[in-house]
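Chemist: Take this structure, written in structure tokens, and hold onto it; I'll ask about it next.
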Amino acid sequence: MRGYVKELYDKLSGKYSWEREFLQAVSEVLGSLNPLMEREPRYRKHRVLERLVEPERTIIFRIPWIDDHGGIQVNSGYRVEFNNALGPYKGGMRFHPSVNLSILKFLGFEQIFKNSLTGLSLGGAKGGSDFDPKGKSDNEVMRFCGVLMDELYRHIGPNTDVPAGDIGVGGREIGYLFGRYKKLKNTFEGTLTGKGLGWGGSLIRPEATGYGTVYFASAMLSAHKNSIEGKRVLISGSGNVAQFVAEKILDLGGKPVSFSDSNGSIIDTDGITRAKLSWVMELKNQLRGRISEYSKEFGAKYYEGKRPWGLTEAEIAIPCATQNEIGRDETRALIDNGCICVVEGANMPTEPTAVEMLHDAKVLFGPGKAANAGGVAVSSLEMSQNSMRLSWTREEVDRRLQIIMKDIHTSCLSAARDMGVGDDYVTGANIAGFRKVADAMIDQGVV
Ligand code: NDP
């Protein structure tokens, strides 16, 4: 970073010094924008960056709820409506004890560019709570979701803000949130995405982020005369994104060799087959068990407290758990173990120094805001189907998803090449995502 962009970042980091993850996300984007700012002074003249780094609205509220023993529990609820220059605010809700304003601002900020890259009419937002669904009964989760919605419902709507899932928020939580929203508003409308298939959901929405990430990886490899076929793939996480990354890797002839959760990782050098994957899906989605149980079932090695990076040789790594899960040492180990491609299924899982190391080592790197945009893209297709009151087939949604991911890949690569930075997908994604939002903000005046 240098000059005007650096001055702006220094000011922001003074103002929000404690928001580590948010500043990290901003610094990564601003770091890519220097050449564009110098080439096109109108962005500076209209103070687009100064406006873009401040959320348009942030809602913070109390969520008191009653547990199964009659005790009163209190959590914090948030919705960060970051930017709606391109369309209604759109972004997931995260339920995890680590949730705070910094994490949601980082996710909301990233979401602006991700949504812009999809080419669809979507603004950027993110929300959630420090509530931990792990170990809670269905009734507790339902009561919690109800109280959260008692406040959130007045801020959202199909043309205003359309939340979806993220860590800790899957089909069950979306169901409870939607049920309460519908009751409070007395309207059946497509305000949340990730809904059940029988009541407004879209086919392929659960699969979309994972499948999309693999379509993006496939496009990157193919642009570099390579493919997924025959490659060993390290995957972190074992939730929604990780499961469908593994499924699509298998479809394309690759070999998934790991999963993890917040307690540790399993490495299965024989490969995670379809049968093993359906066992994991049942373990995680129905029984809500721990990934360590995989090693007891299939005899694979379990590493307590470890992430999968570098624990075995693999050509591709797809982090699908959480932010900052690949640091310097893990990157060194990945490179030493023959990794040629890292693609982010999760949001910001790779630390900035790790990204630099990957670029220096000429390892292909696909940033999350481009690679994992398939989830929000199919959410937008769910919104379209809701508006038209019809349902597309699985094949139709998958076909549209593949086109969107290919187009995002092309936009990133063309923007990178136009800026003279070769195959730097980070710069490409930031510039391609930024341009559309910035131009819309200029057109819409100072609001
Ligand atoms: P899930 O809750 O379904 O799964 C999350 C997985 O990551 C679980 O295995 C979880 O383990 C693990 N995990 C979560 N937090 C940590 C942590 N602090 N340390 C280690 N492991 C952790 O979430 P998703 O699969 O939906 O989301 C995964 C990532 O993908 C997130 O970064 C999310 O923002 C991103 N993403 C998701 C989209 C979606 O459509 N769902 C869209 C775009 C991006 P455990 O069970 O132990 O908590």
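Chemist: Please rank Asp166, Asp138, fewest neighbouring Cβ atoms within 10 Å first, as an exposure proxy.
Modeler: Ranked by crowding around the Cβ, least crowded first: Asp138, Asp166.
Chemist: While we're here: Please list, in order along the range 206-219, the HN-Hα scalar couplings obtained from phi with the Karplus expression 6.51 cos²θ - 1.76 cosθ + 1.60 (θ = phi - 60°), rounded to whole Hz, x for Gly and Pro.
Modeler: Each residue of the range 206-219 in turn: x, 7, 4, 5, x, 4, x, 4, 6, 4, 5, 4, 5, 5 Hz.
Chemist: On to the next question. Measuring from centroid to centroid over Cα atoms, what is the spacing of the range 12-40 and the range 356-417 in Å?
Modeler: Rounded to whole Å, the Cα centres lie 24 Å apart.
Chemist: Taking the Cα-to-Cβ direction at Ser13 and at Asp418 and moving 7 Å from each Cα, how far apart do the two end points lie in nm?
Modeler: 2.9 nm
Chemist: Rounded if a/c is under 1.5, else prolate if a/b beats b/c, else oblate: with a ≥ b ≥ c from the C-alpha gyration tensor eigenvalues square-rooted, which is the range 67-179?
Modeler: prolate
Chemist: Could you compute the net charge surrounding Ala361? Neighbours are other residues with a C-beta less than 11 Å from the C-beta of Ala361; K and R count +1, D and E count -1.
Modeler: Summing Lys and Arg as +1 and Asp and Glu as -1 gives -1.
Chemist: With θ taken as phi - 60° and the coefficients 6.51, -1.76 and 1.60, list the Karplus ³J(HN,Hα) couplings across the range 42-52 in order, rounded to whole Hz; mark glycine and proline as x.
Modeler: Karplus values, whole Hz, x for Gly and Pro: 4, 5, 6, 4, 8, 6, 5, 5, 4, 6, 5.
Chemist: Just to be sure I understand the model, the point goes 7 Å from the Cα along the line to the Cβ. What's the resulting Lys225 to Ile66 distance in nm?
Modeler: So the two model labels end up 6.9 nm from each other.
Chemist: Once you list every other residue whose beta carbon is under 15 Å from the beta carbon of Glu313, what net charge do they have if Lys and Arg are +1 and Asp and Glu are -1?
Modeler: Local charge sum for Glu313: 0.
Chemist: Quick one: which residues, 5 or more positions from Ser238 or on another chain, have an amide H under 5 Å from its amide H? H modelled 1.01 Å from N in the peptide plane, none for Pro or chain starts.
Modeler: Placed amide hydrogens put Ser260 under 5 Å from Ser238.
Chemist: Quick one: net charge of Asp166's neighbours, Cβ under 9 Å, K/R +1, D/E -1?
Modeler: After counting each charged neighbour, the total is +2.
Chemist: Let me ask something else about it. Using a simple spin-label model with points 7 Å from Cα along the Cα→Cβ vector, what separation in nm is obtained for Leu197 and Arg20?
Modeler: 4.2 nm
Chemist: In whole Hz, with x marking every Gly and Pro, tabulate ³J(HN,Hα) for the range 367-377 from phi via Karplus 6.51 cos²θ - 1.76 cosθ + 1.60, θ = phi - 60°.
Modeler: x, x, 5, 9, 5, 9, 6, x, x, 5, 4
Chemist: Using the count of nearby Cβ atoms within 10 Å as a rough guide to exposure, how do Ile335, Ile266 rank from fewest to most?
Modeler: Sorted ascending by nearby Cβ count, the order is Ile335, Ile266.
Chemist: Roughly what % of DSSP beta bridges within the chain run antiparallel, to the nearest 5?
Modeler: About 60 percent, rounded to the nearest 5.
Chemist: Scan around Ala125 for amide H atoms under 5 Å from its own, H built in the peptide plane at 1.01 Å from N, and keep only partners 5 or more places away or cross-chain.
Modeler: Phe82, Lys90, Gly91
Laboratory data are not the source of any read-out in this text; all were calculated from the coordinates shown. Values in this document were obtained by computation on a predicted structure and should not be read as measured data. Virtual Cβ from ideal backbone geometry, glycine too; neighbours counted across all protein chains shown.
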